[in-house]
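Asker: Before we start, here is the structure in question, set down as structure tokens.
The values are calculated or read from the model by the stated rules, or taken from the named source; none is laboratory data. As the structure is a prediction and not an experimental result, all values here were calculated from the model. Please note: Cβ atoms are built from the backbone with ideal geometry, for glycine as well, and neighbour counts cover all protein chains shown.
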Amino acid sequence: MAKMTILVVGGGGREHALVWKINQSPLVEKIYCAPGNPGIGELAECVNVKQNDIDGLLNFARKKSIDLTVVGPEDSLVAGIVDEFESQGLKIFGPSQKAAEIEGSKAFSKYILDKYKIPTADCIVFDRFDDAKSYLKEIEYPAVVKADGLAAGKGTFICETEAQALTAISKVMIKKIFGDSGNKVLIEKFMKGEEASILGFTDGKNIAYLPSAQDHKAIFDNDEGPNTGGMGAYAPAPVITEKMFARICKEVFEPAVKAMALEGRPYRGVLYAGLMITAEGPKVVEFNCRFGDPEAQAILPLIDSDLVEMMLRIATGKNINAHIQLSDKWSMCVVIASGGYPADYEKGKEIFGLEKKFGADVEIFQAGTKNTESGKVVSNGGRVLGVTAVGADFHSVREKAYWAVRKITFDKAYYRRDIGMKALRHLKP
Ligand code: GLY
């Protein structure tokens, strides 16, 4: 078989990790990434087309005879990039628009969870502010308010009081801080437990699971402060015991994949379940229609199989045989962000230390970065870098990741100091 030309859509840390892993495939000749970033540019040719410019991406894929397009971000998937490419006979990895709605609308996702009796928090969906406001008087606190649509990981509010919940629904439905994503809100019962992410490749029927992971969504140590896109992740997550994993397969993934097929929205791609591990068992916090960020930066280094072969099978409607070769190592990714993120932050800060030799068990995945005309790499976003270490023992992986993080500096750089602490607590003899 002739070697393939791949187009990766996106330009964050997740896409850098995808390009890094795809680059290891013997099936691949050349990788393009749209729009990419300077780190990705060391492995792929970056193309100046935005991730949500579907016509631009289509034209590029046709012009360059792309053999397979791999989509990183949810907004392109929810906007229907897969349907557009497939209608023009182009191979693309990711769920269709109808299937991606599992992330694009939390109200739709709750409908699936409730209808197919997949465990989740009790929840009511509102499309009128006044109704939501009245309901806030009837419920117990803490409670959870969520914007229905996409909000870059920032659309969930844990509210300790009715006043906080009122502020949250006002921001979402009246101030429209997430635009039309706030046309509906979900008001949900708070779930107690520890969160974990499980991802699986699926061909619409069979599922090949990836190592469990744990994200750290809050900006500050001890899970305090507002939510971000994710400040660090490790894999596997010891909170997911073998028994818990078996329950997640049976109670969450298998019924969810079956449900999507029965609803006429067969799900082909990578399905991500954000879970709360409660005293009663696993409960779904959310579904995502793509790899997590920064989970991908922790999980992809633990996949020994050829990612491209798996993605190609799914993109061409073949059975994935539901198995995947996984490494028995540990990994951890620490995100370095711009000071001030997830609120306002400065850009354009020169990043020092990227050229250092970190060794084969450390990868620096770039996210919000760009090149200046003079060839410097500067910060260009909230989450700037993801530093991943891999190894046989979690304690040394964690030390190695923080050792590498301390070697990279830029003005007002910020990172959490407690990534991986929960894993350490589980692993304590
Ligand atoms: N890390 C959370 C997400 O990717 O949605």
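Asker: Which condition number does residue 120 fail, the rest of (1) surrounded by 23 or more Cβ atoms within 10 Å (Cβ to Cβ); (2) over 16 Å from residue 274 (Cβ atoms); (3) β-branched (Val, Ile, Thr) being met?
Answerer: Condition (2) is where residue 120 drops out.
Asker: Exactly one condition in (1) of a type in the set (Ser, Thr, Tyr); (2) surrounded by fewer than 17 Cβ atoms within 10 Å (Cβ to Cβ); (3) part of a helix (DSSP H, G or I) is false for residue 76; which is it?
Answerer: Unmet for residue 76, out of (1) of a type in the set (Ser, Thr, Tyr); (2) surrounded by fewer than 17 Cβ atoms within 10 Å (Cβ to Cβ); (3) part of a helix (DSSP H, G or I): (2).
Asker: It is to be established whether one or more residues within the range 231-239 are among the hydroxyl-bearing types (Ser, Thr, Tyr), touching a Phe, Trp or Tyr at 6+ places or on another chain (Cβ under 8 Å) and either surrounded by 23 or more Cβ atoms within 10 Å (Cβ to Cβ) or not in a loop (DSSP other than H, G, I, E, B) (or both).
Answerer: Initially, the range 231-239 is screened for residues among the hydroxyl-bearing types (Ser, Thr, Tyr), giving 234.
Checking which are touching a Phe, Trp or Tyr at 6+ places or on another chain (Cβ under 8 Å) leaves us with 234.
Now restrict to residues that are either surrounded by 23 or more Cβ atoms within 10 Å (Cβ to Cβ) or not in a loop (DSSP other than H, G, I, E, B) (or both): 234.
Scanning the range 231-239 turns up at least one residue that is among the hydroxyl-bearing types (Ser, Thr, Tyr), touching a Phe, Trp or Tyr at 6+ places or on another chain (Cβ under 8 Å) and either surrounded by 23 or more Cβ atoms within 10 Å (Cβ to Cβ) or not in a loop (DSSP other than H, G, I, E, B) (or both).
Asker: Any chance you could count how many residues in the range 289-325 are more than 16 Å from the ligand (Cβ to nearest atom), within 17 Å of residue 271 (Cβ to Cβ) and in contact with an Asp or Glu (Cβ under 8 Å, 6 or more places away or on another chain)?
Answerer: Residues meeting the conditions: 5.
Asker: Here's a follow-up. So residue 257 passes all but one of these: (1) buried (at least 19 other Cβ atoms within 10 Å of the Cβ); (2) within 16 Å of the ligand (Cβ to nearest atom). Which condition number does it fail?
Answerer: All conditions are met except number (2).
Asker: Go through 143, 163, 99, 147 for me and flag whichever is over 21 Å from the mean Cα position of the chain (by Cα) and surrounded by 20 or more Cβ atoms within 10 Å (Cβ to Cβ). Give the derivation first.
Answerer: Working: 163 fails: surrounded by 20 or more Cβ atoms within 10 Å (Cβ to Cβ); 99 fails: over 21 Å from the mean Cα position of the chain (by Cα); 147 fails: over 21 Å from the mean Cα position of the chain (by Cα).
On inspection, the qualifying residue turns out to be 143.
Asker: Only one residue in 192, 205, 176, 171 is basic (Lys, Arg), in a helix (DSSP H, G or I) and at pLDDT 95 or above. Which one? I'd like the intermediate steps shown before the answer.
Answerer: Working: 192 fails: in a helix (DSSP H, G or I); 205 fails: in a helix (DSSP H, G or I); 176 fails: in a helix (DSSP H, G or I).
After ruling out the rest, the residue left standing is 171.
Asker: What do you reckon, is residue 232 out of contact with any Leu (no Cβ under 8 Å at 6 or more places or on another chain), within 16 Å of the ligand (Cβ to nearest atom), on the phi > 0 side of the Ramachandran plot and modelled with pLDDT of 95 or more? Steps first, please.
Answerer: Values: out of contact with any Leu (no Cβ under 8 Å at 6 or more places or on another chain): yes; within 16 Å of the ligand (Cβ to nearest atom): yes; on the phi > 0 side of the Ramachandran plot: yes; modelled with pLDDT of 95 or more: yes.
Yes: the conditions hold for residue 232.
Asker: So residue 319 fits all but one of (1) in contact with a strand residue (DSSP E or B) (Cβ under 7 Å, 6 or more places away or on another chain); (2) closer than 29 Å to residue 240 by Cα; (3) surrounded by fewer than 22 Cβ atoms within 10 Å (Cβ to Cβ); what number is the exception?
Answerer: Condition (1) is where residue 319 drops out.
Asker: Please enumerate the residues belonging to the range 261-288 that are closer than 17 Å to residue 319 by Cβ, in contact (Cβ under 8 Å) with a residue 60 or more places away in the chain and either more than 16 Å from the ligand (Cβ to nearest atom) or outside any strand (DSSP E or B) (or both).
Answerer: Looking only at the range 261-288, we keep the residues that are closer than 17 Å to residue 319 by Cβ, and these are 261, 266-271.
Okay, now just the ones that are also in contact (Cβ under 8 Å) with a residue 60 or more places away in the chain, so 266-271.
Within the range 261-288, 266, 267, 268 qualify.
Asker: Among the residues of the range 203-220, write down those that are touching a helix residue (DSSP H, G or I) at 6+ places or on another chain (Cβ under 8 Å) and away from the ligand (no atom under 16 Å from the Cβ). Before the answer, list the steps.
Answerer: So in the range 203-220, the residues touching a helix residue (DSSP H, G or I) at 6+ places or on another chain (Cβ under 8 Å) come out as 203-205, 207-217.
Answer for the range 203-220, where residues must be touching a helix residue (DSSP H, G or I) at 6+ places or on another chain (Cβ under 8 Å) and away from the ligand (no atom under 16 Å from the Cβ): 203, 204, 205, 207, 208, 209.
Asker: Tell me which residues, restricted to the range 322-335, are at pLDDT 95 or above, in contact with a Phe, Trp or Tyr (Cβ under 8 Å, 6 or more places away or on another chain) and surrounded by fewer than 24 Cβ atoms within 10 Å (Cβ to Cβ). Can you show your working first?
Answerer: Within the range 322-335, the subset at pLDDT 95 or above is 325-335.
Checking which are in contact with a Phe, Trp or Tyr (Cβ under 8 Å, 6 or more places away or on another chain) leaves us with 330-335.
Selection gives nothing.
Asker: For the range 183-202, does any single residue satisfy the condition of being free of Cβ contacts under 8 Å to residues at least 60 places away in the same chain, surrounded by 15 or more Cβ atoms within 10 Å (Cβ to Cβ) and away from the ligand (no atom under 16 Å from the Cβ)?
Answerer: From the range 183-202, those free of Cβ contacts under 8 Å to residues at least 60 places away in the same chain are 183; that's our starting set.
Still in the running and surrounded by 15 or more Cβ atoms within 10 Å (Cβ to Cβ): 183.
Pick out the ones that are also away from the ligand (no atom under 16 Å from the Cβ) and you get 183.
The answer is yes; a qualifying residue exists.
Asker: Does residue 235 meet the test of being aliphatic (A, V, I, L, M) and touching a residue at least 24 places away in the same chain (Cβ under 8 Å)? Before the answer, list the steps.
Answerer: Details: aliphatic (A, V, I, L, M): yes; touching a residue at least 24 places away in the same chain (Cβ under 8 Å): yes.
Against the criterion (aliphatic (A, V, I, L, M) and touching a residue at least 24 places away in the same chain (Cβ under 8 Å)), residue 235 qualifies.
Asker: Look through the range 384-409, keep the residues that are surrounded by 24 or more Cβ atoms within 10 Å (Cβ to Cβ) and of a type outside the set (Val, Ile, Thr), and return whichever of them is farthest from residue 339 (Cα to Cα).
Answerer: Here the answer is 389.
Asker: Quick check on this structure: which one of 118, 92, 81 is among the β-branched types (Val, Ile, Thr) and farther than 21 Å from residue 15 by Cα? So that I can check it myself, show each step before the final result.
Answerer: Values: 92 fails: farther than 21 Å from residue 15 by Cα; 81 fails: farther than 21 Å from residue 15 by Cα.
None of the other options fit; the residue is 118.
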